[in-house]
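Have a look at the structure below, then the notes.
The values are calculated or read from the model by the stated rules, or taken from the named source; none is laboratory data. Fair warning: this is a prediction, and the values are worked out from it, not measured in the lab. Every residue, glycine among them, receives a Cβ derived from its backbone with ideal geometry; neighbour counts consider all protein chains shown.
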Ligand SMILES: [Zn+2]
């Protein structure tokens, strides 16, 4: 098997188990029994206590995980349920809405952690950040191009005159 494919499958397997993408031993989230608030359920830990892998590189890091992965899979599920119910049971519109929306909302709630873990796995696969500072830490590891120097004032522009002090 190709090395890259094997590495990708390893990261996906770790994400499905909600484990650190780097070492695969420590959890990304608090265990269910230690959750005290709803926010604890959705919020990843700061980083892996074993290998130090930072789970949230920057503010809003998991936005794409929710919008693309969680809502994406939820939408596919909703369409599949809709087609199944519509073509097999011919339900009324209110029953159809309840039949589609309820499982999709539940799915999005319980899949939110896995969405973030899968996003971490994807990001770690395509843009691994290491402890030596190359890559990661909020960026792609690439440096910004040098900025152009500040443009000089036009030659014929009047120079500002400091007001004379009269004592
Ligand atoms: Zn780790």
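Exactly one residue among 6, 50, 13, 26 is more than 16 Å from the chain's Cα centre (by Cα), without any contact (Cβ under 8 Å) to a residue 12 or more places away in the chain, within 16 Å of the ligand (Cβ to nearest atom) and closer than 19 Å to residue 124 by Cβ, and that residue is 13. Just wondering, is there one or more residues in region 53-62 that are within 27 Å of residue 101 (Cα to Cα) and surrounded by 13 or more Cβ atoms within 10 Å (Cβ to Cβ)? The answer is yes; a qualifying residue exists. In the set (1) modelled with pLDDT of 95 or more; (2) surrounded by 16 or more Cβ atoms within 10 Å (Cβ to Cβ), the condition left unmet by residue 122 is number (1). Looking across region 53-78, not a single residue is within 16 Å of the ligand (Cβ to nearest atom) and farther than 30 Å from residue 128 by Cα.
Within the span defined as region 79-87, every residue fails to be more than 16 Å from the ligand (Cβ to nearest atom) and closer than 30 Å to residue 127 by Cα. In this structure, residue 33 does not qualify as part of a helix (DSSP H, G or I), more than 16 Å from the ligand (Cβ to nearest atom), surrounded by 13 or more Cβ atoms within 10 Å (Cβ to Cβ) and at pLDDT below 95. Here residue 105 passes the criteria (1) in a helix (DSSP H, G or I); (2) surrounded by 14 or more Cβ atoms within 10 Å (Cβ to Cβ); (3) under 23 Å from the mean Cα position of the chain (by Cα) except the one numbered (2).
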